[in-house]
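Asks: Before I ask anything, let me first share the structure, which is written out below as structure tokens.
The values are calculated or read from the model by the stated rules, or taken from the named source; none is laboratory data. These numbers were taken from a predicted model, which means no experiment stands behind them. Because the Cβ atoms are built from the backbone with ideal geometry, glycine has one as well, and the counts that use them run over all protein chains shown.
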Amino acid sequence: MTFFAKLAAMTLVSVSSAVLAAVAQGTVLAGADIIDVVDGKTIRGQVVAVDDGKVTYVGSERGLPNGEWTRIDLAGATLLPGLSDSHVHLTSRADMHGLRRLTVSTPRAAISGVANAEKTLMAGFTTVRNLGAPGFADIDLKRAISDGEIVGPRIIGAGQSIGITGGHCGDATRLPYEQQRETGGRADGPWEVRQKVRENKKYGAEVIKFCGTGGVLSPNTSINAQQFSLEEMKAIVDEAKLLDLKVTVHAHGPRGIQSAIEAGVDSVEHASMITDASIALAVEKGTYLSMDIYVSDYILSEGAAAGVTEESLAKERSVGRIQRERFQAAVDAGVNLAFGSDAGVYPHGQNARQFAKMVEWGMSPMQAIQASTIGNADLFGRADEIGSITVGKAADIIAVKGDPLANIRELESVDFVMKGGVVYKNELN
């Protein structure tokens with residue numbers, strides 16, 4: 001690397017005091033065990049070489065290619081691919097629920113997004129799918145990170161979520177008629193929803209999210225009631241596929257879930273009351289379920305203090321346990337399960353608390369880790385770029401002091417974070 005290239009790299013990461021090193025070439029990570037998420041095993045006695053932001057070698061020290069390497073000793077630690085989260089809201093704050101949300105402007109949400117993006121990366125999540133943000137703030141956030149202006153994970157942004165009039169992603173409100181606010185994603189009818197898909201694509205969305213049922217945190221909506229007809233859902237999916245975009249649906253109730261899977265969505269968010277028939281259909285079609293089975297703990301214990309209304313708390317009480325039982329049924333049936341936390345409803349940087357719940361409700365630690373790595377990479381359409389420590393993929397690598405296969409909660413305190421070959425955190429040396 002030339003002097004000026006090094007200078008540029010150092011300038012790039014100086015935007016955050018948490019960034020500890022910025023040389024993205026010629027680095028060897030040595031001394032750690034490596035979790036091979038592809039083969040589902042732990043590898044010992046091997047090193048990982050990184051050059052120009054990608055993994056270039058995984059193997060024995062003896063086989064390391066000749067050259068000048070910057071060595072990072074991670075003796076006693078466990079290396080994993082960078083984690084990913086299929087459902088976050090970086091521009092949302094966990095202490096701004098209920099009527100408090102009405103006081104948040106789009107610029108203020110974007111500022112929160114800057115802070116939350118850094119927290120997320122430092123927690124070991126190097127890629128996230130942001131499912132809904134006002135004014136396409138998530139797209140601008142992604143661009144600022146890509147340009148090196150701020151620090152954060154790779155973002156796959158949905159832009160503005162699409163919802164019906166009065167719906168969870170539409171304009172559900174308890175405000176009087178005279179004070180109603182129209183959201184950017186509101187649409188009704190097949191042609192209106194197609195227009196919204198096109199608009200999201202125009203402003204840089206890489207995935208389309210729509211709401212197929214009511215929500216826990218939206219007023220005047222029933223989590224059981226379907227939102228959008230099957231015809232409208234098919235129009236959303238068809239238009240998105242024409243534009244090479246993936247589609248996900250927010251859906252709690254069984255009718256909305258079934259219709260969305262029939263319409264061809266790539267993933268179902270929450271899937272709280274999914275039936276056995278819909279689970280079987282998801283297996284048949286390869287549909288992913290992104291079930292946020294930790295967040296109920298936060299809503300019911302901390303939600304009231306954060307502004308969550310009694311209406312919403314009652315809905316969460318009615319569905320939280322059911323969702324976990326349905327998650328267990330999905331695990332047993334062999335459904336493709338993503339790792340999606342809904343961070344933003346609860347504090348960013350605590351995404352990994354979801355892992356323990358996934359293990360408690362039926363997954364092995366390896367399966368839970370695979371959901372957040374190769375599973376999400378497949379769902380995102382990025383399996384060739386991220387998801388495993390494999391030669392040719394992005395050097396997105398994290399490390400923890402202990403063994404997460406023995407204690408999955410090790411992932412709640414990540415000690416080393418590398419994204420694209422750049423070390424943003426190292427508390428192991």
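Asks: If a residue has to be out of contact with any helix residue (DSSP H, G or I) (no Cβ under 8 Å at 6 or more places or on another chain), buried (at least 23 other Cβ atoms within 10 Å of the Cβ) and either in a strand (DSSP E or B) or among the small types (Gly, Ala, Ser) (or both) to count, how many in region 139-169 make the cut?
Replies: Qualifying residue count for the region: 3.
Asks: Look at residue 378 and say whether it is surrounded by 21 or more Cβ atoms within 10 Å (Cβ to Cβ) and modelled with pLDDT of 95 or more.
Replies: Answer is no for this residue.
Asks: Right, something else. For the structure I just gave you, tell me whether residue 33 is at pLDDT 95 or above, in contact with a strand residue (DSSP E or B) (Cβ under 7 Å, 6 or more places away or on another chain) and acidic (Asp, Glu).
Replies: yes
Asks: When you scan region 206-229, how many residues do you find that are crowded, with 23+ Cβ neighbours inside 10 Å and either modelled with pLDDT of 95 or more or assigned to a strand (DSSP E or B) (or both)?
Replies: Residues in region 206-229 being crowded, with 23+ Cβ neighbours inside 10 Å and either modelled with pLDDT of 95 or more or assigned to a strand (DSSP E or B) (or both): 9 in total.
Asks: Another question, if that's okay. So the check is Cβ under 7 Å with 6+ separation or different chains; which pairs have a first residue in region 375-398 that's closer than 14 Å to residue 153 by Cα and a second one that's surrounded by fewer than 17 Cβ atoms within 10 Å (Cβ to Cβ) and of a type in the set (D, E, K, R)?
Replies: 394/385
Asks: Find all pairs meeting these conditions: Cβ atoms under 8 angstrom apart; at least six residues apart or on different chains; first residue within region 99-116 and farther than 18 Å from residue 303 by Cα and touching a residue at least 24 places away in the same chain (Cβ under 8 Å); second residue among the hydrophobic types (A, V, I, L, M, F, W, C) and in a helix (DSSP H, G or I).
Replies: These pairs meet every condition: 106/137; 109/137; 110/137; 110/141; 113/137; 113/141; 114/141; 114/144.
Condition check ((1) modelled with pLDDT of 95 or more; (2) under 30 Å from residue 241 (Cβ atoms)) across all residues:
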position	(1), (2)
384	yes, yes
396	yes, yes
403	yes, no
407	yes, no
413	yes, no
418	yes, no
426	yes, no
429	no, no
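Asks: Continuing with this model, one more query. Across region 27-52, which residue is farthest from residue 78 (Cα to Cα) among those that are crowded, with 19+ Cβ neighbours inside 10 Å, in contact (Cβ under 8 Å) with a residue 60 or more places away in the chain and among the aliphatic types (A, V, I, L, M)?
Replies: 50
Asks: If you go through region 55-71 one residue at a time, do you hit one that is of a type in the set (Phe, Trp, Tyr), more than 27 Å from residue 160 (Cβ to Cβ) and out of contact with any Gly (no Cβ under 7 Å at 6 or more places or on another chain)?
Replies: There is at least one residue in region 55-71 that is of a type in the set (Phe, Trp, Tyr), more than 27 Å from residue 160 (Cβ to Cβ) and out of contact with any Gly (no Cβ under 7 Å at 6 or more places or on another chain).
Asks: Something else: Just give me the residues in region 36-47 being assigned to a strand (DSSP E or B) and either out of contact with any strand residue (DSSP E or B) (no Cβ under 9 Å at 6 or more places or on another chain) or hydrophobic (A, V, I, L, M, F, W, C) (or both), in sequence order.
Replies: Once the filter is applied, which keeps residues that are assigned to a strand (DSSP E or B) and either out of contact with any strand residue (DSSP E or B) (no Cβ under 9 Å at 6 or more places or on another chain) or hydrophobic (A, V, I, L, M, F, W, C) (or both), region 36-47 yields 43, 47.
Asks: On to the next question. When you scan region 170-190, do you find a residue that is part of a helix (DSSP H, G or I) and either under 19 Å from the mean Cα position of the chain (by Cα) or modelled with pLDDT of 95 or more (or both), even just one?
Replies: yes
Asks: Is it fair to say residue 327 is closer than 17 Å to residue 269 by Cα, touching a helix residue (DSSP H, G or I) at 6+ places or on another chain (Cβ under 9 Å) and crowded, with 16+ Cβ neighbours inside 10 Å?
Replies: So residue 327 fits the description; yes.
Asks: Output the residue which, of all residues in region 288-306 that are outside any strand (DSSP E or B) and in contact with an Asp or Glu (Cβ under 7 Å, 6 or more places away or on another chain), is nearest to residue 102 (Cα to Cα).
Replies: Applying the filter and picking the extreme gives 306.
Asks: Of 232, 269, which residue is in the same structural domain as residue 187 (by TED's automatic domain parsing), in a helix (DSSP H, G or I), among the charged types (D, E, K, R) and surrounded by 22 or more Cβ atoms within 10 Å (Cβ to Cβ)?
Replies: 232
Asks: On to the next question. Only one of 274, 257 is assigned to a helix (DSSP H, G or I), assigned by TED's automatic domain parsing to the domain that holds residue 88 and either in contact (Cβ under 8 Å) with a residue 24 or more places away in the chain or surrounded by fewer than 24 Cβ atoms within 10 Å (Cβ to Cβ) (or both); which?
Replies: 257
Asks: Which of the helices (runs of 4 or more DSSP H) found entirely inside region 311-429 contain at least 3 residues meeting this: farther than 23 Å from residue 278 by Cα?
Replies: 353-360, 365-370
Asks: Give the number of residues within region 54-91 that are at pLDDT 90 or above, over 29 Å from residue 365 (Cα atoms) and not in a helix (DSSP H, G or I).
Replies: Adding up the residues that qualify gives 6.
Asks: What is the residue count in region 93-126 for residues that are part of a helix (DSSP H, G or I), farther than 23 Å from residue 417 by Cβ and in contact with a helix residue (DSSP H, G or I) (Cβ under 6 Å, 6 or more places away or on another chain)?
Replies: 3
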